[in-house]
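First the structure, in the form of structure tokens, and then the observations on it.
The values are calculated or read from the model by the stated rules, or taken from the named source; none is laboratory data. All figures in this text were calculated on a predicted structure; none of them were measured in a lab. Don't worry about glycine lacking a Cβ; one is built from the backbone with ideal geometry, like all the others, and counts go over all protein chains shown. These accessible areas exclude ligands, DNA and RNA; they are computed on the full protein's heavy atoms, side chains included. Shrake-Rupley method; radii C 1.70, N 1.55, O 1.52, S 1.80 Å.
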Amino acid sequence: MNPLRPVAVRIGALPWLPRYSQPIIAVDKTIQRVTRGKVTLLAIAGLPSLVLTVKGRKTGVPRSTPLLCVPHDGGWLVVGSNWGHPKAPSWAINLRAADRAQVLYDGHEYAVSVRIAEGDERERLWQVLLQTWPNYALYAKRTDRVLPVFVLTPLES
């Protein structure tokens, strides 16, 4: 295991971290753009990540966001946690309204289908997610929202 991963998990649990989300995301986007997705802040910490591109539900303009992900069954799981903020992140609201999106993972682009896990499947996948990022449980306690678990599945080319 990457020795920085436990440090990243501890930092991710700090209650003041969400206040700095915008500059953190801006730095990560710059790093990913320059390296075509091959280097990310999360990767440096030994955590899997992707860049999700989804069209804005109102504007139709594609929006790209770096996210922690969990590779699973040939696709990826992502959570609309927003660090436990009461409001869902914009990307999650847009993704909920979409049936397709684009993923940049390890320098490769994929068209993906999108669905939200529910019921027993969500509970099972939640446990898979917690193995990679235990702070999701903390984020869930910080909000009254049910944190959506998105299943992203590559489409056949």
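Numbers at a glance
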{"item": "Search result, residues across the range 44-93 that are in contact with a helix residue (DSSP H, G or I) (Cβ under 7 Å, 6 or more places away or on another chain) and of a type in the set (Val, Ile, Thr)", "result": "51, 54, 65, 70, 79"}
{"item": "Filter result (modelled with pLDDT of 95 or more, over 12 Å from residue 114 (Cβ atoms) and open to solvent by 10 Å² or more (accessible area, probe 1.4 Å)) within the range 144-157", "result": "144, 145, 146"}
{"item": "Count of residues meeting criterion [touching a strand residue (DSSP E or B) at 6+ places or on another chain (Cβ under 6 Å) and open to solvent by 40 Å² or more (accessible area, probe 1.4 Å)] in the range 44-62", "result": "2"}
{"item": "Residue that is most open to solvent (accessible area, probe 1.4 Å) [pool: residues in the range 105-127 that are within 14 Å of the chain's Cα centre (by Cα) and within 21 Å of residue 8 (Cβ to Cβ)]", "result": "105"}
